[in-house]
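These notes concern the structure reproduced below.
The values are calculated or read from the model by the stated rules, or taken from the named source; none is laboratory data. Computed from a predicted structure; not experimentally measured. Every residue, glycine among them, receives a Cβ derived from its backbone with ideal geometry; neighbour counts consider all protein chains shown.
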Amino acid sequence: MKRVLVLGGTGFVGRHVCEKLTRANWRAVVPTRREANARHIQTLPLVDVLVGDVHDEATLTRLLAGCDAVVNLVAILHGDEASFDRVHRALPSTLVKACASAGVKRVVHVSALGVDAQGPSMYQRSKAAGEAVLRAADLELTVLRPSVIFGAEDRFLNVFAALQGLFPLVPLAGADTRFAPVWVEDVAEAVVRCLNRPETIGQTFEVFGPQVLSLRELVQAAGRWAGVAGGRGRPVIGLPLSLGRWQARLMGLMPGEPLMSVDNVDSLQVDNLPTGQFPGLAALGLAATSLDAVAPSYLGHRGLRERLLAYRRRAGRL
């Protein structure tokens, strides 16, 4: 049985990747900083959860022992320049060294559409730097570049739906920026197919869905599918990027992970669409799933009953 190290296996995309790896008869090793983070995948029969710091080269080398491949899903959406560099460039650099020490060459790396060393956001620039590190190494590398990823546990459409349940309108920077959202199940399946197909070595795939929608259209659709305002959703008020940055700074003062950061706003200066220079899901034998075939099924549960259950949970009654 083949063995693969999955970095980021406890995250949104990682959970789906681990499930599909199990179905494909791969044994997955999933490191995590805290075992509690892995509760969603611990019941999978071919997943081994280990506590460890993947940013430590010695730990990463030890985790790679006996593995045939590694999948890197680790990414962040918020942070300062040092944080983006640590996760998106320095970790791939550490992975290169660990792979050399452990004798592992096969790597599937999940990057992002819009990566650009000269891009407007730290996210785009650091993602490009990470790709460059891996491409320069002696690896059997496949790179996947997804558009924004949606699914039942996403922090994208769910957030927009929740906001519309709280406010009468949605002020939004980058409202006309276009995306081609891709279903998390399609991304996960693409990862596994790349692992199983040696002919994908050396290739880059642009992973996107069949619908191109502006951010305004995505927000409005999330509101409709969630049944906000009788299924009409809330009005979206477009903001210039300068005001959007101020809005993001105010959000950053709130406790917890910000809903929108200044860097997120900066990334909205360019469309998040495929270039057409690289193959897509069809080259892996996959037909991309449309947003409106999936999102209504999970956003439609965001009704009064769900909110009441959430209140009861917070009150400790469930």
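Some points to look at:
- Residues of region 97-120 that turn out to be surrounded by fewer than 20 Cβ atoms within 10 Å (Cβ to Cβ) and either in contact (Cβ under 8 Å) with a residue 60 or more places away in the chain or on the phi < 0 side of the Ramachandran plot (or both), as a count: 10
- The set of residues from region 206-218 being crowded, with 23+ Cβ neighbours inside 10 Å and β-branched (V, I, T) comprises just one member, V207.
- Qualifying residue in region 195-202 (condition: surrounded by 22 or more Cβ atoms within 10 Å (Cβ to Cβ), within 17 Å of A112 (Cβ to Cβ) and not aromatic (F, W, Y)): no
- If you go through region 130-156 and keep only what is surrounded by 18 or more Cβ atoms within 10 Å (Cβ to Cβ), modelled with pLDDT of 95 or more and either at positive phi or not in a strand (DSSP E or B) (or both), you end up with G130, E131, V133, L134, L139, S147, V148, G151.
- Under the condition of being part of a helix (DSSP H, G or I) and either among the polar types (S, T, N, Q) or within 21 Å of R106 (Cβ to Cβ) (or both), the residues counted in region 20-57 number 6.
- Selection status of P258, farther than 19 Å from H109 by Cα, part of a loop (DSSP other than H, G, I, E, B) and touching a residue at least 40 places away in the same chain (Cβ under 8 Å): yes
- Looking across region 194-230, the residues that are assigned to a helix (DSSP H, G or I) and either within 11 Å of T142 (Cα to Cα) or aromatic (F, W, Y) (or both) come down to C194, L195, P198, E199, T200, W225.
- For the condition in contact (Cβ under 8 Å) with a residue 24 or more places away in the chain and within 19 Å of the chain's Cα centre (by Cα), L139 does not qualify.
- Here the condition is being modelled with pLDDT of 95 or more, in contact with a strand residue (DSSP E or B) (Cβ under 6 Å, 6 or more places away or on another chain) and among the basic types (K, R); of R23, R27, R15, it holds for R27 alone.
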